[in-house]
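Q: Please read through the structure below; I'll follow up with questions.
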Amino acid sequence: MDWTVPPQTPFPPPGELYALLAELDVAPARLSQLIAAFASRERQRASSFATDALRNRWSVARGTLREVLGRALHIPPEGVALRYRPHGKPELEPDCAPDAASLRFNLSHSGSRALILLARVEVGADIEHLRKRRTDDIARRFFAPGEQQRLFALPADAREAEFFRLWTCKEAFLKVTGEGLSRSTRSYEIELRGAGARLLWAHGTPDAAQRYSVFPLEPGSGYAAAAFAEAQELALRRFRWP
């Protein structure tokens with residue numbers, strides 16, 4: 001499915017999940033515009049990167065997130081106020097805009113692309129720039145037994161693409177729960193089913209299979225991505241920003 005032009009106000013109604021794809025290699029004027037909206041914490045983080053390329057891409061991703069949230073909430077990007085949960089997941093300060101308390105978001109970026117999710121429920125995003133890795137070894141170490149069984153049942157030449165589809169789904173689950181690396185990637189299981197996927201179980205969350213939904217995404221050649229949401233039967237809408 002194509003990624004289309006977003007609405008002027010990208011505020012998703014209940015029952016919808018917005019996925020927005022953005023390019024991170026931008027003109028210097030665009031970079032300066034995005035950085036101008038940063039809070040002091042973001043400026044400090046940007047200054048910590050070792051190279052201009054890493055700094056600029058992180059800054060464009062973060063600045064685009066502010067731009068998207070500001071457009072959704074009808075406030076300027078610099079008016080977007082964020083706070084952070086114990087494991088680092090950002091969320092909106094409820095008093096920064098009238099509708100801020102009801103909007104959830106998540107950001108992931110890799111290579112030259114970023115993925116932003118917006119919904120009225122908790123969401124988790126992951127995007128990966130595909131590059132050569134020892135994917136079989138990584139799967140043996142980090143995938144649940146059932147995931148390994150299904151992956152290694154595939155021919156060797158089909159496993160790499162399937163690995164990244166599953167890997168992005170697993171990373172997105174850690175983002176939606178906000179647990180991050182505090183949860184083992186072997187403590188939950190995801191099954192890829194054709195173009196879709198489903199969460200089978202997660203330790204410590206008896207209703208996980210009924211509570212969450214997962215959407216493998218196609219963000220373009222050389223990338224894999226996924227979205228997780230704490231709800232079932234959401235309508236996914238894909239947009240290219242800006």
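The values are calculated or read from the model by the stated rules, or taken from the named source; none is laboratory data. Because the structure is a prediction, the values reported are computed rather than measured. Glycine also receives a Cβ, built like all others from the backbone with ideal geometry; neighbour counts cover every protein chain displayed. What goes into the accessible areas is simple: the full protein's heavy atoms, side chains included, and nothing from ligands, DNA or RNA. Shrake-Rupley method; radii C 1.70, N 1.55, O 1.52, S 1.80 Å.
Q: Assess whether Asp137 counts as being in a helix (DSSP H, G or I) and modelled with pLDDT under 95.
A: In short, no.
Q: So Glu147 fits all but one of (1) within 19 Å of the chain's Cα centre (by Cα); (2) of a type in the set (Asp, Glu); (3) closer than 26 Å to Arg198 by Cβ; what number is the exception?
A: If we test Glu147 against (1) within 19 Å of the chain's Cα centre (by Cα); (2) of a type in the set (Asp, Glu); (3) closer than 26 Å to Arg198 by Cβ, just (1) comes out false.
Q: Select from the range 1-27 the residues that are open to solvent by 80 Å² or more (accessible area, probe 1.4 Å) and of a type in the set (A, V, I, L, M, F, W, C) and write down the one among them that is modelled with the highest pLDDT.
A: The qualifying residue modelled with the highest pLDDT is Val5.
Q: For the list (1) within 15 Å of Thr9 (Cα to Cα); (2) free of Cβ contacts under 8 Å to residues at least 40 places away in the same chain, I need the number of the one condition that Arg83 fails.
A: Among (1) within 15 Å of Thr9 (Cα to Cα); (2) free of Cβ contacts under 8 Å to residues at least 40 places away in the same chain, Arg83 violates only (1).
Q: Of the residues in the range 166-207, how many are among the basic types (Lys, Arg), surrounded by 14 or more Cβ atoms within 10 Å (Cβ to Cβ) and out of contact with any Asp or Glu (no Cβ under 6 Å at 6 or more places or on another chain)?
A: Number of matching residues: 4.
Q: Being open to solvent by 60 Å² or more (accessible area, probe 1.4 Å) and of a type in the set (D, E, K, R) is the filter; apply it to the range 76-90 and report the residue that is farthest from the chain's Cα centre (by Cα).
A: For the range 76-90, the residue satisfying everything is Glu78.
Q: Within the range 107-135, take every residue that is out of contact with any Gly (no Cβ under 8 Å at 6 or more places or on another chain) and surrounded by fewer than 15 Cβ atoms within 10 Å (Cβ to Cβ) and give me the one that is nearest to Glu16 (Cα to Cα).
A: Per the criteria, the residue is Arg131.
Q: Would it be correct to say that Trp241 is open to solvent by 10 Å² or more (accessible area, probe 1.4 Å), more than 13 Å from Thr177 (Cβ to Cβ), among the aromatic types (Phe, Trp, Tyr) and in contact with a Ser or Thr (Cβ under 7 Å, 6 or more places away or on another chain)?
A: Yes.
Q: Shifting gears a bit: Given the options Arg62, Arg30, Arg45, Arg71, name the one that is touching a Pro at 6+ places or on another chain (Cβ under 7 Å) and open to solvent by 10 Å² or more (accessible area, probe 1.4 Å).
A: So the residue among Arg62, Arg30, Arg45, Arg71 that is touching a Pro at 6+ places or on another chain (Cβ under 7 Å) and open to solvent by 10 Å² or more (accessible area, probe 1.4 Å) is Arg71.
Q: With a cut-off of at least 2 residues that are of a type in the set (Asp, Glu), name the helices (runs of 4 or more DSSP H) lying wholly within the range 2-121.
A: In the range 2-121, 52-73 are the helices (runs of 4 or more DSSP H) which contain 2 or more residues that are of a type in the set (Asp, Glu).
Q: Can you report the number of residues in the range 91-106 which are within 30 Å of Gly222 (Cβ to Cβ) and either open to solvent by 30 Å² or more (accessible area, probe 1.4 Å) or of a type in the set (S, T, N, Q) (or both)?
A: Total satisfying the criteria: 2.
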